[in-house]
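Reviewing the structure listed below.
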Amino acid sequence: MRILITGSSGHLGEALVRTLRSREHELVGVDIAPSPYTDVVGSIADRALVAHCMKGVHAVLHTATLHKPHIETHTRQDFIDTNVTGTLNLLEEAKAAGVGPFVFTSTTSVYGDALVPPPGAPAAWITEEVEPVAKNIYGATKLAAENLCRLFHRNEGMACLILRTSRFFPEQDDLDSTRREYADENVKANEYLHRRVAVEDVVDAHLLAIERARDIGFDKYIISATTPFVPEDLATLRSDAPAVVVRREPAYAAEYAKRGWRMFPTLDRVYVNERARRVLGWQPKIDFRAVLDRLRAGRPVVGPLAEAIGVKGYHPGLADGRKYPF
């Protein structure tokens with residue numbers, strides 16, 4: 001199968017290329033940044049370039065995007081050009097070329113303000129039924145791109161699946177306060193409870209989406225590690241998260257104590273991957289319990305694929321003190 005991968009120099013794009021190369025697929029990687037995983041250097045906002053890349057392609061994995069940290073350095077028009085116009089170009093050229101599955105990498109950031117309940121309310125239980133309330137240009141443009149995928153399925157009959165991924169990048173947290181108060185691996189381990197996913201599992205979800213897209217037609221899925229929490233935990237998660245964690249995963253306390261780590265005192269949302277597991281058939285391998293197993297074995301929180309790819313960063317040389325200094 002010949003597969004077009006957009007954003008092939010990025011963290012997920014590279015992960016997909018590395019994995020698919022080992023399975024002997026024919027790949028076309030496109031990115032604005034050159035890398036060993038990119039065949040065509042250019043922007044998906046360039047319609048002619050997209051048409052060129054689409055020749056002979058059987059499926060599209062569309063991971064290219066401007067991310068939330070780029071809000072610091074890019075204009076709103078830049079976000080529209082890449083995240084909206086770029087997606088439209090890909091959909092139109094895929095339709096013209098008769099391409100089959102189209103898999104769009106979206107983000108849980110589309111939920112925006114729906115992720116933060118008002119003071120005193122329980123933590124939010126985030127499923128695909130929660131209505132997104134975009135709070136910045138990143139979320140707004142990713143949601144617009146999702147709607148374009150829905151439109152092309154509705155009006156053009158294209159098989160389009162949307163994967164709303166939670167955090168999988170290895171960069172440090174974007175909040176200064178979190179970076180000051182917690183070790184980086186401590187942060188990432190905590191997040192596997194409610195808002196993080198292993199890049200290996202994200203890759204598996206994308207490859208499964210290619211296989212299932214024609215049968216499903218259109219759908220959207222939250223791609224995040226399986227949480228140990230249930231809805232009955234939400235009120236206490238907001239007021240005393242460690243008490244819930246020690247009840248659901250009692251082994252965590254000893255492993256954290258060895259390292260001087262701490263659980264976050266409160267959690268404001270929980271991402272729920274039930275639909276992806278039930279409908280898509282996705283079986284993520286890494287959850288909070290698996291992370292504890294890694295720690296007991298003396299291994300890092302991140303897996304081997306993430307380690308091989310490494311930190312790419314968003315803003316090389318950006319001075320500290322900006323909102324996103326990495």
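The values are calculated or read from the model by the stated rules, or taken from the named source; none is laboratory data. This is a predicted model, so every value here is computed, not measured. Ideal geometry is used to build each Cβ from the backbone, glycine not excepted, and the neighbour counts take in all protein chains shown.
Can you work out which of the residues in the stretch 174-196 that are assigned to a loop (DSSP other than H, G, I, E, B) and touching a Phe, Trp or Tyr at 6+ places or on another chain (Cβ under 8 Å) is farthest from Val301 (Cα to Cα)? Before the answer, list the steps.
Of all residues in the stretch 174-196, those assigned to a loop (DSSP other than H, G, I, E, B) come to 174-175, 182-183, 192-195.
If we keep only those that are touching a Phe, Trp or Tyr at 6+ places or on another chain (Cβ under 8 Å) as well, we get 174, 182-183, 192-195.
Details: Asp174: 18, Tyr182: 14, Ala183: 12, Tyr192: 10, Leu193: 13, His194: 15, Arg195: 15 Å.
The qualifying residue farthest from Val301 (Cα to Cα) is Asp174.
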task = Taking Thr226 as meeting all but one of (1) without any contact (Cβ under 8 Å) to a residue 12 or more places away in the chain; (2) under 14 Å from Gly281 (Cα atoms); (3) of a type in the set (S, T, N, Q), write down the number of the exception.
result = (1)
ask   = Only one residue in Asp39, Asp81, Asp46 is charged (D, E, K, R) and closer than 27 Å to Asp173 by Cα, so which one is that?
value = Asp81
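Report yes if Ala257 is touching a residue at least 40 places away in the same chain (Cβ under 8 Å), more than 27 Å from Glu131 (Cβ to Cβ) and surrounded by fewer than 16 Cβ atoms within 10 Å (Cβ to Cβ), otherwise no. Reasoning before the result, please.
Working: touching a residue at least 40 places away in the same chain (Cβ under 8 Å): no; more than 27 Å from Glu131 (Cβ to Cβ): yes; surrounded by fewer than 16 Cβ atoms within 10 Å (Cβ to Cβ): yes.
No; evaluated as a whole, the condition is false for this residue.
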inquiry  = Residue under question is Gly100, and the condition is that it be farther than 30 Å from Arg238 by Cα, in a loop (DSSP other than H, G, I, E, B) and not aliphatic (A, V, I, L, M); does it hold?
reply    = yes
Residue that is surrounded by the fewest Cβ atoms within 10 Å (Cβ to Cβ), among those in the stretch 228-254 that are modelled with pLDDT of 95 or more and part of a loop (DSSP other than H, G, I, E, B) = Pro250
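Could you pull out the residue among Arg2, Arg76, Arg23 that is of a type in the set (Lys, Arg), closer than 23 Å to Ala140 by Cα and surrounded by fewer than 19 Cβ atoms within 10 Å (Cβ to Cβ)? Talk me through it step by step, then tell me what you get.
On the way: Arg2 fails: closer than 23 Å to Ala140 by Cα; Arg23 fails: closer than 23 Å to Ala140 by Cα.
Going through Arg2, Arg76, Arg23 in turn, the sole match is Arg76.
May I ask you to say which residue of Leu318, Leu295 is at pLDDT below 60 and either out of contact with any strand residue (DSSP E or B) (no Cβ under 9 Å at 6 or more places or on another chain) or among the hydrophobic types (A, V, I, L, M, F, W, C) (or both)?
It is Leu318.
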query = Has the stretch 64-86 got at least one residue that is of a type in the set (S, T, N, Q), in contact with a Ser or Thr (Cβ under 9 Å, 6 or more places away or on another chain), touching a residue at least 60 places away in the same chain (Cβ under 8 Å) and under 23 Å from Ser166 (Cα atoms)?
reply = yes
